[in-house]
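Below is one structure; the comments refer to it alone.
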Amino acid sequence: MRPNSVTSTLVDRQMQRWYAAQASQRAAERQPACDQPGDLAQARLSASPFLSLRGLQCQGQNGHVTIRGRVPTGYLRDLSAILVRSIDGVRRVTNEVEVLPLGWASAWRR
């Protein structure tokens, strides 16, 4: 029996809808279940491949996010602000991240 082109088209459309629904469900599971920009910013920095960014703290309210903590370089300080600024709903970022001086780890251990 040869497949009907109309039937196969309908089946293809149903399969495409199913795949799209599965993809959106997986995307929703990966994202944190929060709507606040501060929570989203904290989740984004916590998922960063840079370990120093994972220790930063974010607080947000009404589209304003404040980042606090310490990092070893100015590049990571700027990167934290860029990552947070790219989140939908963030209108203003206050970057209060400190750049630690060179050799701070050896002085800290004493």
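The values are calculated or read from the model by the stated rules, or taken from the named source; none is laboratory data. Everything numeric here is computed off the predicted structure, so don't read it as measured data. Glycine also receives a Cβ, built like all others from the backbone with ideal geometry; neighbour counts cover every protein chain displayed.
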If we ask which residues in segment 55-88 are assigned to a helix (DSSP H, G or I) and surrounded by 13 or more Cβ atoms within 10 Å (Cβ to Cβ), their number turns out to be 9
Would you pick out the residues in segment 41-53 that are of a type outside the set (A, V, I, L, M) and surrounded by 13 or more Cβ atoms within 10 Å (Cβ to Cβ)?
GLN42, ARG44, SER46, SER48, PHE50, SER52
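Kindly check whether there is at least one residue in segment 20-32 that is touching a helix residue (DSSP H, G or I) at 6+ places or on another chain (Cβ under 9 Å), in a loop (DSSP other than H, G, I, E, B) and at pLDDT below 75. Break it down stepwise before answering.
Residues of segment 20-32 touching a helix residue (DSSP H, G or I) at 6+ places or on another chain (Cβ under 9 Å): 31-32.
Add one more test, that the residue is in a loop (DSSP other than H, G, I, E, B), and what stays is 31-32.
Now restrict to residues that are at pLDDT below 75: 31-32.
Yes, some residue in segment 20-32 is touching a helix residue (DSSP H, G or I) at 6+ places or on another chain (Cβ under 9 Å), in a loop (DSSP other than H, G, I, E, B) and at pLDDT below 75.
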Given (1) in a strand (DSSP E or B); (2) within 14 Å of the chain's Cα centre (by Cα); (3) charged (D, E, K, R), index of the condition ARG44 fails:
(1)
